[in-house]
Amino acid sequence: MAGRAPSRADVRQDFLVFGQPLIEQDEIDDVTDSMRKSWLGTGPKVAQFERDFAAYKGVPQAMALNSCTAALHLSLVALDLKPGDEVITTPMTFCATVNSILHAGGTPVLADVDARTMNIDPAEIRRKMGPRTRAVLPVHFAGRACDMDAIGTIAAERGTAIIEDCAHAIETEYKGRKAGTFGSFGCFSFYSTKNVVTGEGGMVIANDPRDADRIRVLGLHGMSKDAWKRFSDQGFKHYDVVEAGFKYNMMDLQAAIGIHQLARVERWWKRREEVWNRYQAAFADLPIGLPAPVEPGTRHAYHLYTILVDEKRAGISRDRFLDAMTAEKIGVGVHYRSVPEHPYYQRVLGWRPEDYPAAFRIGQQTVSLPISPKLSDSDVEDVISAVRRVIG
Ligand SMILES: Cc1ncc(COP(=O)(O)O)c(C=O)c1O
């Protein structure tokens, strides 16, 4: 193995868990308040969280759901895909992006990423466009804005919808416009490692108010709008089932966390930016790949800090690097092995990783280092020392 073996004095005492959220007293108090009031499910706190999120994004309304996967699924269901309709997305994403397309009855088609930005390459999207393409589903990977001008132009030429996977990209902006507002739908995640957390949770924003209304209905069994208010002190309200929907609603218990998390989103963004810049400076001389500089005119959400460990340059394989960091008591992640590496997609869709060479290479070399706002300065220095010892 490259580098030197850590001595007992070098290694931290406790394990630094990857992606730990920062939970403060306000969240704890508000969850307790929901429990004391016995209003656990969808209620006034979800409505408040939706209003706050819509205000943050500068849009008229936002629909809270129980995950970003649900947000992606419902956005795709709202496109009324027919068998054989294609949706183009990236191989450098979490499986949920692709699974949502399959569950909505569509055929996912992958367009390889730009090796530098790790985001879907617009030239590849153009190459993969066909007569059955109904939508493009870009992922703002790690929080870096996709090339929305180019994607918008291609989609407009072909009349295809855009659905943005903004799971990493709450704070992301492109030329002054906020991620999630470029196409028909923007989908956000509040999973425990994300920039704003609710444990599990998601949000969707829609460009067309009719789509927004439909998502609201689809997310709660297909029951007519505002069915969640049926047990309120305004008297029982009947509802109609107007579609076969899904059980995707967010609970007040989750929103009680999210409201306070969202209020701190900018403060924490600044902290992650500091950590990002510290890592960039501290690793500049190491034989590893670092994230590309942020494109001018965009705002990076700094959700993931990923390095590339190429065994030929670094003298250690990516997987041995992961083990060595764990031995250093530093939690690390892999975001992601490229989607075509997974056996399901190979078996059912015939995908081969080598057909997406940029994503394949990233997937073999990538490592995510901790970048949560919960990190203290000394945690950050521990990560840096551990990386430097392991790489040598
Ligand atoms: C790029 C991407 N898309 C979608 C998802 C799904 O989000 P959720 O866990 O909220 O369903 C994730 C979650 O990790 C993700 O990273």
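The values are calculated or read from the model by the stated rules, or taken from the named source; none is laboratory data. None of these values were measured; they are calculated from a predicted model. Quick reminder, even Gly has a Cβ in these numbers, built from the backbone with ideal geometry, and neighbours come from all protein chains shown.
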Is it fair to say Gln13 is of a type outside the set (Gly, Ala, Ser) and within 28 Å of Arg337 (Cα to Cα)?
no
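The rows are residues; the columns are (1) surrounded by fewer than 16 Cβ atoms within 10 Å (Cβ to Cβ); (2) among the small types (Gly, Ala, Ser); (3) within 16 Å of the ligand (Cβ to nearest atom); (4) part of a helix (DSSP H, G or I).
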{"residue": "Val196", "(1), (2), (3), (4)": "no, no, yes, no"}
{"residue": "Met203", "(1), (2), (3), (4)": "no, no, yes, no"}
{"residue": "Asp211", "(1), (2), (3), (4)": "no, no, no, yes"}
{"residue": "Val217", "(1), (2), (3), (4)": "no, no, no, yes"}
{"residue": "Lys225", "(1), (2), (3), (4)": "yes, no, no, no"}
{"residue": "Arg230", "(1), (2), (3), (4)": "yes, no, no, yes"}
Test: residue in segment 310-319 that is under 23 Å from the mean Cα position of the chain (by Cα) and surrounded by fewer than 17 Cβ atoms within 10 Å (Cβ to Cβ)
no
Pairs with Cβ under 9 Å, 6+ apart, first in segment 193-208 and closer than 16 Å to Glu50 by Cβ, second among the charged types (D, E, K, R) and near the ligand (Cβ under 9 Å from one of its atoms)
Gly201/Lys194
Looking at segment 38-46, is at least one residue under 17 Å from Arg214 (Cα atoms) and modelled with pLDDT of 95 or more?
no
Among helices (runs of 4 or more DSSP H) completely within segment 320-391, the ones holding 3 or more residues that are closer than 25 Å to Ile23 by Cα are 377-391
Could you tell me whether segment 77-88 includes any residue that is more than 16 Å from the ligand (Cβ to nearest atom) and within 19 Å of Met251 (Cα to Cα)?
no
Condition met for Lys175 (out of contact with any strand residue (DSSP E or B) (no Cβ under 6 Å at 6 or more places or on another chain), farther than 22 Å from Asp211 by Cα and among the charged types (D, E, K, R)):
yes
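To keep it simple, each residue is scored yes or no on (1) under 12 Å from the mean Cα position of the chain (by Cα); (2) of a type in the set (Val, Ile, Thr); (3) modelled with pLDDT under 95; (4) buried (at least 21 other Cβ atoms within 10 Å of the Cβ).
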site	(1), (2), (3), (4)
Arg144	yes, no, no, yes
Glu164	yes, no, no, yes
Gly176	no, no, no, no
Ala179	yes, no, no, yes
Phe182	no, no, no, yes
Gly19 fails exactly one of (1) of a type outside the set (S, T, N, Q); (2) away from the ligand (no atom under 15 Å from the Cβ); (3) assigned to a loop (DSSP other than H, G, I, E, B), namely (2)
Would you please list the contacts, defined by Cβ atoms under 6 Å and residues six or more apart or on different chains, that run from a residue in segment 22-37 that is under 16 Å from Pro373 (Cα atoms) to a residue that is not in a helix (DSSP H, G or I)?
Leu22/Pro373; Leu22/Lys374
Somewhere in segment 250-262, is a residue touching a Lys or Arg at 6+ places or on another chain (Cβ under 9 Å) and surrounded by fewer than 14 Cβ atoms within 10 Å (Cβ to Cβ)?
no
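Table: residues versus (1) without any contact (Cβ under 8 Å) to a residue 24 or more places away in the chain; (2) within 27 Å of Gly315 (Cα to Cα); (3) surrounded by 14 or more Cβ atoms within 10 Å (Cβ to Cβ).
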residue: Ser338; (1), (2), (3): no, yes, yes
residue: Tyr344; (1), (2), (3): yes, no, no
residue: Gly350; (1), (2), (3): yes, no, no
residue: Ala359; (1), (2), (3): no, yes, yes
residue: Gln364; (1), (2), (3): no, yes, yes
residue: Ser368; (1), (2), (3): no, yes, yes
residue: Leu375; (1), (2), (3): no, no, yes
residue: Ala386; (1), (2), (3): no, yes, yes
Can you give me the number of residues within segment 58-72 that are near the ligand (Cβ under 9 Å from one of its atoms) and either at pLDDT below 95 or not hydrophobic (A, V, I, L, M, F, W, C) (or both)?
3
Give me the strands (runs of 3 or more DSSP E) completely within segment 63-164, filtered to those with at least 2 residues that are over 28 Å from Leu308 (Cα atoms) and not aliphatic (A, V, I, L, M), ordered by residue number.
133-137
Unmet criterion (only one of (1) away from the ligand (no atom under 16 Å from the Cβ); (2) within 24 Å of Pro296 (Cβ to Cβ); (3) touching a helix residue (DSSP H, G or I) at 6+ places or on another chain (Cβ under 9 Å); (4) hydrophobic (A, V, I, L, M, F, W, C)) for Ile170
(1)
Which numbered condition Asn99 fails, given (1) more than 16 Å from the ligand (Cβ to nearest atom); (2) polar (S, T, N, Q); (3) modelled with pLDDT of 95 or more:
(1)
Going residue by residue through segment 2-15, is there one that turns out to be modelled with pLDDT of 95 or more and either among the β-branched types (Val, Ile, Thr) or crowded, with 17+ Cβ neighbours inside 10 Å (or both)?
no
Selection from segment 274-291 of residues that are over 21 Å from the mean Cα position of the chain (by Cα), assigned to a loop (DSSP other than H, G, I, E, B) and in contact (Cβ under 8 Å) with a residue 24 or more places away in the chain
Phe283, Leu286, Pro287, Ile288
